[in-house]
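**Student:** Input: one structure, supplied below.
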Amino acid sequence: MDVAIIGTGYVGLTTGVCLALLGHEVRCHDVDPGRMDKLARGRPPIYEPGMEQAMRAAARKRSLHFVSELADAVRGAKAVFLSVGTPSLPDGDIDLSYLEAAARQIAPLLAPFTTVVVKSTVTVGSCRRLEQIIRDVRGAGDFAVAANPEFLREGSAIDDFMHPDRIIIGSDDERATTTLKELYGPLVARTDAPVLVTSAENAEMVKHAANAFLAMKIGFINEVADLCERAGADVTTVAKGIGLDQRIGPAFLQAGPGFGGSCFPKDARAFAATGRRNGVPQSLVETLIEGNDRRKTALARRIAFKANLRKGAVVAVLGVAFKAATDDVRESPALAFIPALQDQGFVVRAFDPQAMPTAAKELPDVNWCSDAYEAATGADAVVILTDWKNFTELDLGRLSERMKGSTLFDFRNILQPEAVAACGMTYFGVGRAGLP
Ligand code: NAD
Ligand code: UGA
């Protein structure tokens, strides 16, 4: 099928590459010329494992094209995906203006009959609004707008897209639902993924409710972690015990420095704003947002207290990306944690395997280092903030030798406390009381 992708960020690029690999003819377009230039040269503008190879495979099939003119991308496409950003407004609601602009731009270019597929995460009612914008330009009848939320995670985007837990198609137009079923046909044949065809409103709500629920699992386990720490239990074992209940499940029960990224914080705020707008406050989610924001700075104060740090102390932060396997720092815990350390008068040295160029723009006055050992040199305390696999393989003896102090905070619980203690360091995890 002939497909256009508008917006080639994490979601648009992954969608375009995967649909091309599934046998469709895909044309991708982005307003950012720098991004288009890199893509045209076969270089992903983001760090995403497997993306460059997948782009190469799609290029070999001659089914993936990056086109700088919007009209060239949209012309003749049976499905036009909108995958532009939906950032937060000051009141927490989403800023629909990027999607509205894209809808206005594509409206005169659509061939009859086209399905406009909203891949971006939107609040309930947004697809109807976008439909109205297109209808104002070209009248009704020869197009439909369908919600088709995406559930991929950064760091495993291609694998998640290719092995979905479900495909949600939100439209009451039979031509649109047929198009989307046909489009995802090869994927369903390979994976047997369930397809839920429903209204646009339901599809929009599924996406926000799913993200809010996953974020609540994390917020919950983080509170349990704090309680474990005080009450003499270990959250890693408690999470395992909880997760063995099939009704709860083991995923998303990893305690840490608070959830970040471009989605959970933004989408939780949008869900809460939708609740307020509809006169049905989502009090659980409102509390979650507040607790998660507070956590990042509270942890910065906690390390000062536990390691007895004085003004001028040097803290090494390992990991600034919001999670492992990405260079994305949007709403990363590091963006709140590091300034909170600096506010206390500490000197911050930091290292991240991929995210330093993006983080440096957001975090001034950090001494960026070329590896974990350089960051630890002369440090009073070391903090692991991102769960990069490299950090589980650190030479702890070498790290300890480089430090001035001897306290290691493992805010992702990825190290063995005994191994840290054996190298002469004092270990503090998250929610792990009674450890050496
Ligand atoms: P992103 O910021 O990485 O990419 C958005 C892209 O859209 C940018 O490259 C931007 O230049 C481009 N763009 C903006 N306006 C445009 C226009 N009028 N025409 C063409 N291009 C335009 O965003 P993202 O992380 O890919 O997220 C996109 C949407 O998908 C958001 O709604 C997000 O909530 C949702 N989502 C994201 C993820 C994720 O893991 N990042 C997962 C699921 C859903
Ligand atoms: C998340 C969802 O997992 C995706 O399904 C969804 O499509 C996406 O948001 C979105 O809507 O954009 P993502 O933000 O890429 O994906 O990454 P996650 O793996 O969900 O992690 C989000 C944050 O929660 C990270 O800061 C991570 O470190 C944290 N986290 C995650 C925990 O602290 N504990 C966990 O157990 C899991």
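Any read-out appearing in this document is the output of simple, stated calculations on the displayed coordinates, not a laboratory observation. This one's a predicted model, so the numbers in the text were calculated from it and none came from an experiment. Neighbour counts are summed over all protein chains in view; Cβ atoms, including those assigned to glycine, are modelled from backbone coordinates with ideal geometry.
**Student:** If I take R0 = 60 Å and measure r between the Cβ atoms of D173 and T392 in this structure, what FRET efficiency does the formula 1/(1 + (r/R0)^6) give, to the nearest 0.05? It would help to have the intermediate numbers written out before the result.
**Tutor:** Details: r = 49 Å, r/R0 = 0.82.
Using R0 = 60 Å, I get an efficiency of 0.75.
**Student:** Enumerate the residues in the stretch 144-187 having an amide nitrogen under 12 Å from the point lying 7 Å beyond the Cα of N202 toward its Cβ.
**Tutor:** The answer is 168-172, whose backbone nitrogens lie closer than 12 Å to the label point.
**Student:** Could you give the semi-axes, largest first, of the ellipsoid that matches the stretch 1-139, computed as the square roots of 5 times the alpha carbon gyration tensor eigenvalues and rounded to whole Å? Intermediate results must be reported in sequence, preceding the final value.
**Tutor:** On the way: eigenvalues 123, 66, 30 Å².
Largest first, the stretch 1-139 gives 25, 18, 12 Å.
**Student:** If you build the Cα gyration tensor of the stretch 372-436 and take the root of 5 times each eigenvalue, what three semi-axes come out, in whole angstrom, biggest first?
**Tutor:** Value: 16, 13, 10 Å, ordered largest first.
**Student:** Student exercise: in the stretch 2-198, how many lysine pairs 8 or more apart or on different chains have Cα atoms under 20 Å apart?
**Tutor:** Numbers: K38/K61; K61/K78; K78/K119; K78/K181; K119/K181.
The number of close lysine pairs in the stretch 2-198 is 5.
**Student:** Identify the trypsin sites (Lys or Arg not before Pro) of the stretch 1-83 meeting these criteria: DSSP loop state and at most 16 other C-beta atoms within 10 Å of the C-beta.
**Tutor:** Values: sites: R27, R35, K38, R41, R56, R60, K61, R62, R75, K78; in loops: R41, K61, R62, R75, K78.
Of the trypsin sites (Lys or Arg not before Pro), the ones in loops of the stretch 1-83 whose Cβ has at most 16 other Cβ atoms within 10 Å are R41, K61, R62, R75.
**Student:** Sticking with this one: So in the chain, what percent of DSSP beta bridges are antiparallel if you round to the nearest 5?
**Tutor:** Values: 3 of 46 bridges.
That works out to approximately 5 percent antiparallel.
**Student:** Can you sort H163, H24 from fewest to most other Cβ atoms within 10 Å of each residue's own Cβ?
**Tutor:** Numbers: H163 13, H24 21.
Ranking H163, H24 by Cβ neighbours within 10 Å, fewest first, gives H163, H24.
**Student:** Find how much the distance from D95 to R60 grows on full extension, using 0.36 nm per residue of separation minus their present alpha carbon separation; answer in nm with one decimal. Kindly include the intermediate steps, with their values, before the conclusion.
**Tutor:** On the way: separation 35, 0.36 × 35 = 12.60 nm, distance 3.74 nm.
Gain on extension, D95 to R60, equals 8.9 nm.
**Student:** Could you compute Rg(Cα) / (2.2 N^0.38 Å) for the stretch 87-202, with N its residue count? Don't skip to the end; give the middle numbers.
**Tutor:** Numbers: Rg = 14.9 Å, N = 116, 2.2 N^0.38 = 13.4 Å.
Here the Cα radius of gyration is 1.11 times the empirical estimate.
**Student:** Just the ratio, please: alpha-carbon radius of gyration of the stretch 1-81 over 2.2 N^0.38 Å, N its number of residues.
**Tutor:** Numbers: Rg = 11.1 Å, N = 81, 2.2 N^0.38 = 11.7 Å.
The stretch 1-81 yields a ratio of 0.95.
**Student:** If you don't mind, another one. For a quick check: with amide H placed at 1.01 Å from N, whose amide H comes under 5 Å from V347's, ignoring anything fewer than 5 positions away on the same chain?
**Tutor:** G312, A313, V314, V315
**Student:** Please build a GNM for the chain, connecting alpha carbons under 10 Å apart, and tell me which residue among I94, I414, I134 fluctuates the most.
**Tutor:** It is I414.
**Student:** Where does each of L70, L39 land when they are ranked from fewest to most other beta-carbon atoms within 10 angstrom?
**Tutor:** Details: L70 17, L39 24.
In increasing order of surrounding Cβ atoms, one gets L70, L39.
**Student:** Hey, another quick one. Could you work out the helix-only [θ] at 222 nm for the chain, with each DSSP H run of four or more residues adding -39,500 (n - 2.57) and the total divided by the number of residues, to the nearest 500 deg cm²/dmol? Show your work: numbers first, answer last.
**Tutor:** On the way: 18 runs with 201 residues, N = 436.
Rounded to the nearest 500, the figure is -14000 deg cm²/dmol.
**Student:** So what are the chain's ellipsoid semi-axes, whole angstrom, largest first, if each one is the square root of 5 times an eigenvalue of the alpha-carbon gyration tensor? The partial results should precede the final answer.
**Tutor:** Details: eigenvalues 357, 110, 76 Å².
Sorted largest first and rounded, they come to 42, 23, 20 Å.
**Student:** Under Stokes-Einstein, with the Kirkwood radius over Cα pairs standing in for Rh, what whole-number D in µm²/s applies to the stretch 295-428 at 25 °C and 0.890 mPa s? Before the final figure, lay out each step's value.
**Tutor:** Values: Rh = 14.3 Å.
The calculation lands on 171 µm²/s.
**Student:** Quick one: what are the phi-derived ³J(HN,Hα) couplings along the stretch 61-76, Karplus 6.51/-1.76/1.60 with θ = phi - 60°, whole Hz, x for glycine and proline?
**Tutor:** Couplings: 7, 6, 10, 10, 10, 10, 10, 7, 8, 4, 4, 5, 6, 7, 4, x Hz.
**Student:** Would you mind ranking C127, C423 so that the residue whose beta carbon has the fewest other beta carbons within 10 Å leads the list? Working shown, then result.
**Tutor:** On the way: C127 26, C423 17.
Starting with the residue having the fewest Cβ neighbours, the order is C423, C127.
**Student:** In whole angstrom, how far apart do the alpha carbon centroids of the stretch 42-61 and the stretch 172-218 sit?
**Tutor:** Distance between centres, Cα-based: 25 Å.
**Student:** Which FRET efficiency value, to the nearest 0.05, do you get for H163 and Q344 by plugging their Cβ-Cβ distance into 1/(1 + (r/R0)^6) with R0 = 56 Å?
**Tutor:** 0.80
**Student:** Bins of 5 Å, beginning at zero and ending with the bin holding the largest distance: percent of Cα pairs per bin for the stretch 95-147, please.
**Tutor:** With 5 Å bins starting at 0, P(r) equals 4, 22, 39, 23, 10, 2.
**Student:** Please list 3J(HN,Hα) in residue order for the stretch 371-387, calculated via the Karplus relation 6.51 cos²θ - 1.76 cosθ + 1.60 where θ = phi - 60°; whole Hz, with x for glycine and proline.
**Tutor:** So the J values, rounded to whole Hz, are 7, 5, 6, 5, 4, 6, 4, x, 7, 7, 8, 10, 10, 8, 10, 10, 8.
**Student:** Of the listed peptides 149-157, 314-322, 293-301, 115-123, what is their order by residue-averaged count of other C-beta atoms within 10 Å, with the highest listed first?
**Tutor:** On the way: 149-157: 20.4, 314-322: 27.9, 293-301: 18.2, 115-123: 25.4.
So the order, starting with the most tightly packed, is 314-322, 115-123, 149-157, 293-301.
**Student:** Here's another thing I want to ask about it. With labels modelled as points extended 7 Å from the Cα through the Cβ direction, what inter-label distance (nm, one decimal) is found for A71 paired with A433?
**Tutor:** Reported label-point gap for A71 and A433 is 6.9 nm.
**Student:** Gain in length, A193 to A209, computed as 0.36 nm per residue apart minus the alpha-carbon separation, to one decimal in nm?
**Tutor:** 3.8 nm
**Student:** Name the residues whose placed amide hydrogens come within less than 5 Å of the amide hydrogen of I384, ignoring near sequence neighbours (fewer than 5 apart) on the same chain.
**Tutor:** Under 5 Å from the amide H of I384: L318, F409, D410, F411.
**Student:** While we're on this one: Can you work out the Karplus-derived ³J(HN,Hα) for every residue in the stretch 227-233? Use 6.51 cos²θ - 1.76 cosθ + 1.60 with θ = phi - 60°, whole Hz, and x for glycine or proline.
**Tutor:** 5, 4, 4, 6, 8, x, 10
**Student:** Starting from the amide H of V117, placed 1.01 Å from N in the peptide plane, find each other amide H under 5 Å away whose residue is 5 or more places distant or on another chain.
**Tutor:** V80, F81, L82, A146
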